[in-house]
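The values are calculated or read from the model by the stated rules, or taken from the named source; none is laboratory data. Keep in mind the model is a prediction, meaning the values are calculated, not measured. No Cβ is skipped: glycine too gets one built from the backbone with ideal geometry, and neighbour counts run over all protein chains shown. Ligands, DNA and RNA are stripped out before the accessible areas are found, and what is left, the full protein with its side chains, is counted by its heavy atoms. Shrake-Rupley method; radii C 1.70, N 1.55, O 1.52, S 1.80 Å.
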Amino acid sequence: MTIKDLSAQTGYSVGTISRVLNGHPNVSEKARAAILEAVRESGFELNANAKNLKQQHATSILVMVKGSSNELFRSLLEAIQRRLSKTRYPVNVEYLDEDDNEVLQALRLCREKKPLGILFLGGNTADFRTDFSRIDLPCVLVTRDASELSFGNLSSVSSDDRLAARRGLECLIRLGHRHIAVIGGNMELSDVSRLRYEGCIDAFQAADIVFDPKRDYMGVRFSYQDGYRATQALLSRGRDFSAIFAAADVMAIGAMRALRDNGLRVPEDVSVMGFDGLKLGDYLIPSLSSVAQNVEEMARESVSILLDQIENGAEARYELVGVAVKWKESIKALEE
């Protein structure tokens, strides 16, 4: 009999059973009693070599960051590390390219580093849907909703990206803007990019504004450089727009620089709104308007959920964190 057999027999997770067998204190008395009774009835014996190997390695939390230039993830990572530094768990951080399959990379790192659990900062649900069943550790997907995936060991903490993007566009529309360009990501590789794009479309349709994605949308990487290049490309098309909505603050900052380099003022000539609410945006001239995510709450909930799964065998949870549209100096109402 194996630990997985005990899991199937008792209904408790592999992680919970392992903690009981290794004398870990963070298990409910009810779970401990039920598991020990099943062990006695089955005559199960824990392999000493396997136990010692596990104790040597399985002590850390793995944090996988998708995109090395994502400033939101950098802020999230700092907040997560602050919280985990107060626990007994060391942290291993791995950076991935935006185009990487984070689940396949996680499988490789599980073999190499043997973590207790994983926090995924960013991810594509297609990758999880295809490959995640091979991972049996507690995991939390941060900034992306995992509720539709229905894996018992995969929780999530996220914002409603579609609704949040719609709220940002609606703010610009209420200010009188009807010719709005949108800079987003690659919708084939990024669920966040797709959802934020769909939120924009929802706002345009509700306001009866015609939006031509071939002319008014640029799908690029989430970076300063690509926000700059996307804006240059939009300007080269000769399109007359009064506002730009960018699906990330880093893109918006790149857009502001491109506008300035082309002799356009923000917000006098073109209003600019981003998404994420990075602290950096407060110190720009003009300060950046943005759909702000609550980084501290995301970090707190993500760490809390993962530790609850690791230490108590808790079930998967799916938390939504609210956003706030921050109106600052980079946007203005159009004159009548």
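Before I look further, what does the chain give for accessible area per residue, probe 1.4 Å, in whole square angstrom?
For the chain, the solvent-accessible area averages 47 Å² per residue.
Choose one answer from 277, 185, 43: the residue with the largest mean-square fluctuation in a GNM of the chain with alpha-carbon springs under 10 Å.
43
Choose one answer from 141, 235, 119: the residue with the largest mean-square fluctuation in a GNM of the chain with alpha-carbon springs under 10 Å.
Judging by the Gaussian network model, the answer is 235.
Using 1/(1 + (r/R0)^6) with R0 = 56 angstrom and r between the beta carbons of residue 260 and residue 42, what's the FRET efficiency to the nearest 0.05?
Result of the calculation: an efficiency of 0.20.
If you put +1 on each Lys and Arg Cβ and -1 on each Asp and Glu Cβ, how big is the dipole of the chain around its Cα centre, in Debye rounded to 20?
Roughly 720 debye for the chain.
GNM, the chain, Cα, under 10 Å: largest mean-square fluctuation among 324, 316, 246?
Largest GNM mean-square fluctuation: 324.
Normalise the Debye intensity by I(0) for the stretch 172-322, one equal point scatterer per Cα, no solvent, then take log10 at q = 0.13, 0.16, 0.18, 0.20 Å⁻¹ and round to two decimals.
For the stretch 172-322 at q = 0.13, 0.16, 0.18, 0.20 Å⁻¹, log10 I(q)/I(0) is -0.62, -0.87, -1.04, -1.24.
Give me the percent of the accessible area of the stretch 100-149 that comes from carbon and sulfur atoms, probe 1.4 Å, all protein chains in place.
Summing carbon and sulfur atoms, their accessible area is 42 percent of the total for the stretch 100-149.
Calculated from DSSP H runs of 4 or more alone, at -39500 (n - 2.57) each and per residue, what is the 222 nm mean residue ellipticity of the chain, nearest 500?
So the calculated ellipticity at 222 nm is -14000 deg cm²/dmol.
Work from the charge dipole of the chain (Cβ charges, +1 for Lys and Arg, -1 for Asp and Glu, about the Cα centre) and give the residue of 64, 316, 258 farthest towards its positive end.
Projecting each Cα onto the dipole axis, the largest value belongs to 64.
Tilt of helix 71-84 relative to the longest C-alpha principal axis of the chain, in degrees (0 to 90, nearest 10)?
Taking Cα atoms only, the helix is inclined about 30 degrees.
Long-range amide H contacts for residue 326: which residues qualify at under 5 Å (H placed 1.01 Å from N, peptide plane, sequence gap of 5 or more or a different chain)?
Excluding prolines and chain starts, which carry no amide H, the hits are 290, 291, 292.
Once both axes come from the Cα atoms, what is the angle between helix 102-113 and the longest principal axis of the chain, in degrees from 0 to 90, rounded to 10?
40 degrees
Quick one: compute a quarter of the convex hull surface over the Cα atoms of the stretch 273-319 and quote it in nm².
3.8 nm²
Tell me the angle of helix 295-312 to the major Cα principal axis of the chain, expressed in degrees between 0 and 90 and rounded to the nearest ten.
20 degrees
Just want the answer: with Cβ charges of +1 for Lys and Arg and -1 for Asp and Glu, which residue in 195, 90, 73 is farthest toward the dipole's positive end in the chain?
The one lying farthest along the dipole's positive direction is 90.
Heavy atoms of the protein only, probe of 1.4 Å, neighbouring chains included. What is the accessible area of residue 88 in Å², nearest 10?
Surface accessible to solvent at residue 88 totals approximately 140 Å².
When only the heavy atoms of the protein chains count and the probe is 1.4 Å, how do 130, 2 rank by accessible area, highest first?
Putting 130, 2 in descending order of accessible area: 130, 2.
³J(HN,Hα) across the stretch 126-143 via Karplus (A = 6.51, B = -1.76, C = 1.60, θ = phi - 60°), whole Hz, x for Gly/Pro?
3J(HN,Hα) across the stretch 126-143, in whole Hz: 5, 5, 5, 4, 7, 10, 5, 4, 7, 9, 10, 8, x, 9, 10, 8, 9, 6.
Starting from the Cα of residue 328, step 7 Å toward the Cβ, then list every residue of the stretch 138-181 with an amide N under 20 Å from that point.
Within reach of a label on residue 328: 164-173, 175.
Explain nothing, just the number: dipole magnitude of the stretch 177-336 about its Cα centre with +1 on each Lys and Arg Cβ and -1 on each Asp and Glu Cβ, in debye rounded to the nearest 20.
Roughly 700 debye, rounded to the nearest 20.
If you place +1 on the Cβ of every Lys and Arg, -1 on the Cβ of every Asp and Glu, and leave all else neutral, what size is the dipole of the stretch 221-301 about its Cα centre, to the nearest 20 Debye?
For this selection, approximately 360 debye.
Could you give the length gained on full extension between residue 86 and residue 134, defined as 0.36 nm per residue of separation minus the Cα-Cα distance, in nm?
Full-extension gain reported as 14.2 nm.
Just the number, please: carbon plus sulfur as a percent of the accessible area of the stretch 202-336, 1.4 Å probe, no ligands or DNA/RNA counted.
47 percent
Within the stretch 148-205, list the GluC sites (Glu not before Pro) lying in a DSSP loop whose Cβ has at most 16 other Cβ atoms in a 10 Å radius.
148, 188
Summarise the long-distance tail of P(r) for the stretch 235-336 by giving the % of C-alpha pairs beyond 19 Å.
Counting pairs separated by more than 19 Å, the tail of P(r) holds 52 percent.
Could you list the square roots of 5 times each eigenvalue of the Cα gyration tensor of the stretch 198-244, that is, the equivalent ellipsoid semi-axes, sorted largest first and rounded to whole Å?
21, 14, 8
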